[in-house]
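What follows draws every value from the coordinates through simple rules; no lab data is involved. If you're wondering where the values come from, they're calculated on a predicted model, not measured in any experiment. Neighbour counts run over all protein chains shown; Cβ positions are idealised from the backbone, glycine included.
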Amino acid sequence: AQSVSQHNHHVILSEAASLELGCNYSYGGTVNLFWYVQYPGQHLQLLLKYFSGDPLVKGIKGFEAEFIKSKFSFNLRKPSVQWSDTAEYFCAVRGGNTGKLIFGQGTTLQVKP
Amino acid sequence: NAGVMQNPRHLVRRRGQEARLRCSPMKGHSHVYWYRQLPEEGLKFMVYLQKENIIDESGMPKERFSAEFPKEGPSILRIQQVVRGDSAAYFCASSPPSDGGGYTFGSGTRLTVV
């Protein structure tokens with residue numbers, strides 16, 4: 001069965017600090033990978049996605065993620081966070097032709113001004 | 001171009017009542033997914049539907065929960081005889097027929113069972 005694991009449950013950073021959120025998945029076949037962000041009280045918004053090609057994916061708001069197939073990882077990064085990045089971040093995987101997304105448990109990011 | 005519309009935003013039900021959650025997908029999207037988010041947890045897949053068909057209901061509880069996506073009208077997630085443990089945020093997402101992975105999420109329905 002597919003599963004997604006996000007290593008950090010709660011991250012606290014100061015503004016301008018660099019961010020890396022870990023995501024590992026388990027699935028033996030071809031996968032599509034996603035990062036979503038959920039701001040307080042709002043719905044999930046897509047930050048970026050990987051289907052194929054360049055394993056370094058750039059998304060919105062300065063976020064990027066790198067797909068490392070050998071490590072089954074898709075870590076999210078941002079060089080310099082802002083207070084407005086305070087939110088919950090979810091990694092998700094879709095395996096094969098299942099259609100459905102499987103989510104990690106989420107990481108709460110708190111950025112201190 | 002309206003996004004995924006869910007209603008109601010908030011729903012309060014007493015134990016034993018029925019809850020009906022509605023989801024209207026984005027225009028042109030024929031695939032609908034329902035997820036449940038419990039406090040301090042991620043989103044758990046419940047069911048995947050296409051028009052008039054349930055494709056995958058592996059995440060649906062065996063009892064009291066049902067979902068449909070009729071030819072006309074919104075998708076409905078129905079919870080019969082609600083219990084306190086059903087209190088959660090229920091999110092709907094939709095995607096187009098092509099395999100573009102373009103999932104769009106609605107704002108969710110927050111169900112509170114009292």
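Please give every one of the aspartates and glutamates within straight-line cross-link reach of A:Lys58, meaning a C-alpha to C-alpha distance under 13 Å, and leave out same-chain neighbours fewer than 8 residues apart.
Partners found: A:Glu66.
Students often forget the sequence filter, so: which lysines lie under 24 Å Cα-Cα from B:Lys27 once same-chain residues fewer than 8 apart are removed?
Answer for B:Lys27, where 24 Å is the Cα cut-off: A:Lys49, A:Lys100, B:Lys51, B:Lys71, listed by chain and number.
Which whole number gives the average count of other chain Cβ atoms within 10 Å of the Cβ atoms across peptide B:44-57?
Partner Cβ neighbours, averaged per residue: 2.
Determine one quarter of the surface area of the Cα convex hull of chain B, which equals its mean projected area, and express it in nm² to one decimal.
6.9
Determine Rg/Rh for region A:3-112; Rg is computed over alpha-carbon atoms and Rh is the Kirkwood hydrodynamic estimate from the same atoms.
Ratio of gyration radius to Kirkwood radius for region A:3-112: 0.95.
Once Rh is set to the Kirkwood radius over Cα pairs, what Stokes-Einstein translational diffusion coefficient, in µm²/s, holds for the protein assembly as shown at a temperature of 10 °C and a viscosity of 1.306 mPa s?
Taking Rh from Cα pairs, D becomes 87 µm²/s.
Straight-line reach from A:Lys112: which lysines fall under 20 Å, measuring Cα to Cα and dropping same-chain residues less than 8 apart?
Counting by Cα, and skipping residues close in sequence, A:Lys112 has these lysines nearby: A:Lys61, A:Lys78.
Relative contact order (percent) for region A:3-112, with alpha-carbon contacts under 8 angstrom and 6 or more residues of separation?
Value for region A:3-112: 38 percent.
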